[in-house]
1. If you scan the stretch 79-114, which residues turn out to be of a type in the set (D, E, K, R) and closer than 16 Å to residue 244 by Cβ?
2. Tell me which residues, restricted to the stretch 107-134, are at pLDDT below 95 and touching a helix residue (DSSP H, G or I) at 6+ places or on another chain (Cβ under 7 Å).
3. So residue 201 passes all but one of these: (1) modelled with pLDDT under 95; (2) surrounded by fewer than 18 Cβ atoms within 10 Å (Cβ to Cβ). Which condition number does it fail?
4. Look through 237, 281, 304 and report the one residue that is assigned to a loop (DSSP other than H, G, I, E, B) and at pLDDT 75 or above.
5. Considering only the stretch 250-268, I want to know if a residue exists there that is within 30 Å of residue 41 (Cα to Cα), modelled with pLDDT under 90 and outside any helix (DSSP H, G or I).
6. Among what's in the stretch 79-126 and is among the β-branched types (Val, Ile, Thr) and more than 24 Å from residue 59 (Cβ to Cβ), pick the residue that is surrounded by the fewest Cβ atoms within 10 Å (Cβ to Cβ).
Amino acid sequence: MNKTTATILLLAMSTASTVAWAVDYCDNEVRSVTPGNASGDMLTPPSDAIVLFDGRDLSHWKGKTGPAQWDVHNGVLTVKKGTGDIESKQLFRDIQLHLEWLIPTDISGEGQRRGNSGVFLEGRYEIQIVDSYSNRTYADGQAGSVYGQARPLVNAMRKPGEWNVFDVLYTAPRFNDDGTLFTPGRVTVLHNGILVQNNTEILGDTGPLGRPGYEPHSSGPIRLQDHPDPSKPISYRNIWVRELGNAPAHATADDTPVKPEQLAIVSKLTLKQLLEDPARREVLARCLPELVPNAATTTYMNDRTLPQLKAIIVSLTDAKLNMINAELARVP
């Protein structure tokens, strides 16, 4: 860390407590999401979810070489053995995923040959689905494992005939321009509300044999597995996704990139010029309290416009710049 960066960080830390009273009236860029409601033993999707299966059809899914051929009946999606995996038509990256799955009551077989399926993130990284209720198998192959890599913290399996729930938080891997790994993928999994993977590092493509490794990619589908074991097929319901990070599922006005010409005030005036005017200073005190009143202590920040400070102020998004500019435009 260089001396300039250290000074900026110390400044932000030292000023935060002095303006804790400020009401941030212009920072309303956090999108509102209406949570789902409990419907019987099922949680309905939140308002910004992409619903991949709502009990009606397979319009959001496809097979490897054609239409998805699994069976839809009574609001439930059941694996049709021998027809192959199905995957979402839409590609995803960082996501929150919810899905519910059921092992049939008359399931038979042992180990991996008993109610086996799986959900693959980006079509590559499998969170194992299998009947782990009183059915012994290898630890990194039981329900809730990152298959072949990370055992679940506990066995949270419900008995056959009862619905299981996965809630998955997934951060996709990132790659350098030359295809080498920059950061690995990570996953957190709740199985029936119980934590079974805690920000677990994914080591690469999942599989039963061989050392895992990464192949560079940008995004991928959610894939559900048609496993070749001879036991009766499992079923799914209530599958939905929320996109995370900088790509919200449903764009709002706040998500639209701001063009430089829209920022007539903050793009032209330096921080020092904004602070010299009492009315404009008041706007900054409420919208960017970390910069007020002590920004004058650093020439580096004083001589730059707010858009030029985006690189060092995490909270200064395009949406927030637009809001600050709009507030400043109202100043007499």
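The values are calculated or read from the model by the stated rules, or taken from the named source; none is laboratory data. From a predicted model like this one, the values you see are computed outputs, not experimental measurements. Methodologically, a virtual Cβ is constructed for each residue, glycine included, from the backbone with ideal geometry; neighbour enumeration extends over all protein chains shown.
1. If the condition is that a residue be of a type in the set (D, E, K, R) and closer than 16 Å to residue 244 by Cβ, then 93, 94 are the ones that fit.
2. Across the stretch 107-134, the qualifying residue is only 112.
3. All conditions pass for residue 201, except number (1).
4. The match here is 304.
5. Yes, the stretch 250-268 has at least one match.
6. So the residue we want is 105.
Here's the yes/no breakdown for (1) over 27 Å from residue 199 (Cβ atoms); (2) of a type in the set (S, T, N, Q); (3) in the same structural domain as residue 124 (by TED's automatic domain parsing):
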{"position": "59", "(1), (2), (3)": "yes, yes, yes"}
{"position": "64", "(1), (2), (3)": "yes, no, yes"}
{"position": "88", "(1), (2), (3)": "no, yes, yes"}
{"position": "94", "(1), (2), (3)": "no, no, yes"}
{"position": "97", "(1), (2), (3)": "no, no, yes"}
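Conditions (1) of a type in the set (A, V, I, L, M); (2) in a loop (DSSP other than H, G, I, E, B); (3) out of contact with any Gly (no Cβ under 8 Å at 6 or more places or on another chain), marked per residue:
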site: 51; (1), (2), (3): yes, no, yes
site: 62; (1), (2), (3): no, no, yes
site: 96; (1), (2), (3): no, no, yes
site: 119; (1), (2), (3): yes, no, yes
site: 133; (1), (2), (3): no, yes, yes
site: 136; (1), (2), (3): no, yes, no
site: 158; (1), (2), (3): no, yes, yes
